[in-house]
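Structure first, commentary second.
What follows is calculated from the coordinates using simple rules that are stated; it is not laboratory data. As the structure is a prediction and not an experimental result, all values here were calculated from the model. A quick note on method: Cβ atoms are made from the backbone with ideal geometry, for glycine too, and the neighbour counts reach across all protein chains shown.
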Amino acid sequence: MSDYGIQFCIGYRPPEADPATTRTPAAPERGGYCATFEISEATARRDLETLANLGKLQRVHGGAIVLTQAPPESPILQRQNEQTDEKTRIGQAAAALVQPGETVFLGSGSTVLEAARALRGRRGLTVLTNSLPVVNALAGAEEITLICLGGMLRESEFSFIGHITEQALAEVRADKALIGTRAIKPGRRPDQ
């Protein structure tokens, strides 16, 4: 089945369309898709089920919706050299939210690394992290208790992930968490 068929079938709207209409379900048995491709309703349902199994769409009552997937993230070693002034300012602003005596979780990522660097001179903090760059930035810092969460190393991010990391997280509590994201597009939910 062509991408056009998928898009037509599930009510796809191009990215510049109104976000409120991007999840328009389509009902293949109501004519359009079946008539356009001269297939039966049973074939349309099987096609949708196959695409759902491939993770391309999600079945909903009366049709399906597109499941968009973000492109792979570039490695941290590359990203840490991009938009450095902005990341430094964001990191400093995030670090300013952390108060003495607090326990803070620092996730992985180049902007969170800048927050870690801004916290380095602070006193009386406990830092939990799964990020090797954060560990390196805070190692040896006086008055900061550093707790490293182990697990499987994610090479591109130099962070620990997986079951062991999840178990370690279940055993600790943080007052705050600083977690980075690649980007947020205005007018869209963070999961889109």
- Of the GluC sites (Glu not before Pro) in the stretch 93-142, those whose Cβ has at most 10 other Cβ within 10 Å and which sit in DSSP loop: E142
- Do you know the relative contact order of the stretch 76-178, to the nearest whole percent, from alpha carbon pairs under 8 angstrom that are 6+ apart? 28 percent
- Message: Only sites in a loop by DSSP and with at most 15 other Cβ atoms within 10 Å count here; which trypsin sites (Lys or Arg not before Pro) in the stretch 44-115 make the cut?
- Response: none
- So, with points 7 Å from each Cα along the Cβ direction, the N53-L97 label distance in nm works out to 4.3 nm
- Message: If amide hydrogens are placed 1.01 Å from N in the peptide plane, which non-local residues have theirs closer than 5 Å to the one on I147?
- Response: V127, L128, T129
- What length, rounded to one decimal in nm, is gained on full extension from A183 through to R46, with 0.36 nm per residue of separation minus their alpha-carbon distance? 45.8 nm
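With Kirkwood's inverse mean 1/r over C-alpha pairs for Rh, give me the Rg to Rh ratio of the stretch 33-123, two decimals please. All intermediate terms of the calculation are to be shown ahead of the outcome.
Details: Rg = 23.4 Å, Rh = 17.3 Å.
My calculation puts Rg/Rh at 1.35.
Estimate the FRET efficiency between T68 and E38 by the formula 1/(1 + (r/R0)^6), using the beta-carbon distance for r and 35 Å for R0, to the nearest 0.05.
Working from the Cβ atoms, E equals 0.75.
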- Query: If eta is 1.002 mPa s and T is 20 °C, what Stokes-Einstein diffusion coefficient results for the stretch 76-178, Kirkwood Rh from Cα pairs, in µm²/s?
  - Reply: 158 µm²/s
- Note on the structure: Nearest-0.05 FRET efficiency for E166 and T84 at R0 = 30 Å, using Cβ-Cβ distance, is 0.40
